Amino acid sequence: ERINNGFFSALFRLMQTSSMVGCLNTSFAISKFLLSLDPLRDPMGVLLILDYFALASSPPSVTENETFLVDSVDSNMVQIYHRDDDVDKKNSSAAIPSYKCDLIDMPNWAYSYALALYR
């Protein structure tokens, strides 16, 4: 985990920098690659920006990136898990609750999904 921290940070910074200079296709490709390296933990939070890059990197006439976005949501292959460690620290024998949601449950993905279907 900590061994790859520098590599993840460098890729994330490259994704941010390429986005700032207008290379959105590059940012989209890097964000997909970064997510594929550790999809279970998503240490850099790429899921929070990946939908934007999918929509912004393609002109309205090109549907390849929008298809990626729609297929990602429809397939239910990406699940977001959250374990709440702060619920009951006094009762250490109780099970720690964990929650699961789909991509469509995230507000940014829900909006981008609707926009991709509309386009």
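The values are calculated or read from the model by the stated rules, or taken from the named source; none is laboratory data. None of these values were measured; they are calculated from a predicted model. Here the Cβ positions follow ideal geometry from the backbone for every residue, glycine too, while neighbour counts run over all protein chains shown. Each accessible area value is taken on the protein alone, full model and side chains, heavy atoms only, with ligands, DNA and RNA left out. Shrake-Rupley method; radii C 1.70, N 1.55, O 1.52, S 1.80 Å.
Can you tell me which residues in segment 97-112 are free of Cβ contacts under 8 Å to residues at least 60 places away in the same chain and surrounded by 14 or more Cβ atoms within 10 Å (Cβ to Cβ)? Matches in segment 97-112: ASP102, LEU103, ILE104, MET106, ALA110. Flag: ASP74 matches the condition of being over 20 Å from PHE8 (Cβ atoms) and either loosely packed, with under 14 Cβ neighbours inside 10 Å or in contact (Cβ under 8 Å) with a residue 60 or more places away in the chain (or both). Just one of the listed residues (ASN65, ASN25) is touching a Ser or Thr at 6+ places or on another chain (Cβ under 8 Å), open to solvent by 70 Å² or more (accessible area, probe 1.4 Å) and in contact (Cβ under 8 Å) with a residue 24 or more places away in the chain, namely ASN25.
When the residues of segment 33-45 are filtered to those that are assigned to a helix (DSSP H, G or I) and in contact (Cβ under 8 Å) with a residue 24 or more places away in the chain, the one that is farthest from the chain's Cα centre (by Cα) is LEU37. The one condition from (1) at pLDDT below 90; (2) out of contact with any helix residue (DSSP H, G or I) (no Cβ under 9 Å at 6 or more places or on another chain) that ASP102 does not meet is (2).
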